[in-house]
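The values are calculated or read from the model by the stated rules, or taken from the named source; none is laboratory data. On a predicted model such as this, the values are computed, not experimentally measured, just so you know. A quick note on method: Cβ atoms are made from the backbone with ideal geometry, for glycine too, and the neighbour counts reach across all protein chains shown.
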């Protein structure tokens, strides 16, 4: 009849119609109390008591049933979110008097129905928080750069909530990091936070990310330095926005927080020290540098092989195939259409019968055939156990095991957590912080590696843990454990692959500090727009600045109408010079016209005859670049600078590099200047000073560094330069 959740759904950026706003008020603030009530309720009253005194009654007002309860934020499956938002309209709310520090407030709600019935909620408590100079101890390691006297502690009646401190920021310094960032490379002048979140498209516009980190480096002064707040809890940053000479850092805490500082002559030194602390990337096999192909509507064996045939017919080599629509999507362990008996124990391949007229008549034969074609195979995963519709067959067994064995993430009261997000709503979530649960979860998929022969997993959807008070097997609550969930997730599948004698190739979009050793990453979901193109390049540069070596994106976007030929080929030209080159397309219910991002479909949809030959040329060039990329990745994983890196890594003392934030180096030799605007035939490229200068890889012309030059930019030749000292060994890669 009545529902009130003081902290709402746990959504980090949106309020719900049943929560307290703000959930943790400051002294002097009033709070708005909201409840959701059934349609039979005609009035709601809040009993509000201060310090144990007799309560006073505060009548609630019903909101407009036709209004919008909360803004739709673009989360995955936005239509489902919109339905939930409409359903939330018509809640009840009241604003309390201002809260005083030192007082404790108790409240509950009394609802009356049209037939005279009534119902009371349980009692809730809240206290006001205040900032003070005392309350905790901030532990610092490394050279202490905290501004003296800037440390403050936020505490309410139940203990310390946050710590805040300031760092100096000199006029010539720039700040890069905080994980994968879509809005800017240099975060100076911006306000941001670090919390794992699934922002479905337009990440750059919202300032949100799947892959945050409480780490950044400062570049441009006398030497480079950085810091890491050693926490998996949420953090916030004002990077010279409120005060140009200060970085304000704020972090949730439940104990004595630790801040680690790093100093180095160059940015690579700072990054190396950070990775020594949280884990160094692991070298992956060279095949990851070949073209990856994927389409969400490749949902049968016949279709998969047909698309691979098309690549072969057009002379476009493929190194890796990601099959998303392979499973029944109730278990993510069985191929759709397979017949088998449910089992408490993990299945073997022999347990399945694959009908000849089914969608996947011979999965192992298909994988064997793809391997004969020198194509590696990855299968899609989601770390959830669906419960809608009500699970049946093997899904019912898996759900029962998860609940009965206590293998799921739990609510504060011990009940199994059910996904509060819009994608796979109410699904159970395995607690992958536990080795026992990781072993149980991956054992169900072991036959896919050992017997079917697949080579990796697309570890999608690691962002589903919402709520500060969830409970994990490793002892963490949700505030500390939610951000680590995607780390455990990729780790679990990487361990499975290693145990089966395979390289730990996982492909994730979510992560946190500590994700660096666990596979490859892509920038998540995005539309096919020039804005998304630019924001994805920023994402790659910033992710690499935090130690992500194997990174890519859905070139030219994966969602919405097929991109025009110019955007598609400009994006392909950039992706050919990124760590991972891959295309992918969103499920569109097989409606015409097809929205796949294959070069032949883009050519057909756009009517542009240039698409296939230019894409082929880029894909063949990519094949020739594989040895170089593998060599440079080996250097990066061994402690060197990132594979894809902003110009500031190699030229930290050159202020001009910051005026060209979308340029980057790919390893030690190559400088890439993506064309990210339509209608361009030539482009301005900044060449930092370099011993011996630079070579235009397409013409072989030598160019001096320390200046800006104008270069031709045909669709089939993205502006790329090679450091002169490396040209003799790389020149053959660019020969047609």
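Summed over the range 573-604, the residues that are modelled with pLDDT of 95 or more and out of contact with any strand residue (DSSP E or B) (no Cβ under 8 Å at 6 or more places or on another chain) give a count of 10. Please enumerate the residues belonging to the range 656-685 that are in contact with a helix residue (DSSP H, G or I) (Cβ under 6 Å, 6 or more places away or on another chain), over 18 Å from residue 629 (Cβ atoms) and surrounded by 14 or more Cβ atoms within 10 Å (Cβ to Cβ). Scanning the range 656-685 gives 657, 662, 663, 675, 676. If I filter the range 195-205 for residues that are part of a strand (DSSP E or B) and more than 19 Å from residue 483 (Cα to Cα), do I get at least one hit? Within the range 195-205, none of the residues are part of a strand (DSSP E or B) and more than 19 Å from residue 483 (Cα to Cα).
The selection criterion, being crowded, with 24+ Cβ neighbours inside 10 Å and not assigned by TED's automatic domain parsing to the domain that holds residue 546, does not hold for residue 199. For the range 540-553, state whether one or more residues are under 25 Å from residue 296 (Cα atoms), in a helix (DSSP H, G or I) and touching a residue at least 40 places away in the same chain (Cβ under 8 Å). There is at least one residue in the range 540-553 that is under 25 Å from residue 296 (Cα atoms), in a helix (DSSP H, G or I) and touching a residue at least 40 places away in the same chain (Cβ under 8 Å). Taken over the range 76-103, residues that are surrounded by fewer than 17 Cβ atoms within 10 Å (Cβ to Cβ), over 28 Å from the mean Cα position of the chain (by Cα) and at pLDDT below 95 amount to 2. Given the condition crowded, with 21+ Cβ neighbours inside 10 Å, in contact with a helix residue (DSSP H, G or I) (Cβ under 6 Å, 6 or more places away or on another chain) and farther than 18 Å from residue 439 by Cβ, answer yes or no: does some residue in the range 368-384 qualify? Yes - at least one qualifying residue is present in the range 368-384. Residues of the range 334-387 that are closer than 29 Å to residue 423 by Cβ, part of a loop (DSSP other than H, G, I, E, B), free of Cβ contacts under 8 Å to residues at least 40 places away in the same chain and within 33 Å of the chain's Cα centre (by Cα): 336, 337, 338. Filtering the range 32-46 for residues that are within 27 Å of residue 479 (Cβ to Cβ), within 40 Å of the chain's Cα centre (by Cα) and surrounded by fewer than 18 Cβ atoms within 10 Å (Cβ to Cβ) leaves a non-empty set. Note on the range 305-333: residues that are assigned to a loop (DSSP other than H, G, I, E, B) and surrounded by 15 or more Cβ atoms within 10 Å (Cβ to Cβ) total 14.
Here's the yes/no breakdown for (1) more than 29 Å from residue 550 (Cβ to Cβ); (2) in a strand (DSSP E or B); (3) more than 27 Å from the chain's Cα centre (by Cα); (4) not assigned by TED's automatic domain parsing to the domain that holds residue 551:
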position: 674; (1), (2), (3), (4): no, no, no, yes
position: 683; (1), (2), (3), (4): no, yes, yes, yes
position: 690; (1), (2), (3), (4): no, no, yes, yes
position: 695; (1), (2), (3), (4): no, yes, yes, yes
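Considering 111, 184, 155, the condition of being free of Cβ contacts under 8 Å to residues at least 40 places away in the same chain and either assigned to a loop (DSSP other than H, G, I, E, B) or buried (at least 16 other Cβ atoms within 10 Å of the Cβ) (or both) is satisfied by 155 alone.
Here is a yes/no grid of residues against (1) over 30 Å from residue 361 (Cβ atoms); (2) assigned by TED's automatic domain parsing to the domain that holds residue 582; (3) not in a strand (DSSP E or B):
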{"position": "263", "(1), (2), (3)": "yes, no, no"}
{"position": "269", "(1), (2), (3)": "yes, no, yes"}
{"position": "297", "(1), (2), (3)": "no, yes, yes"}
{"position": "303", "(1), (2), (3)": "no, yes, yes"}
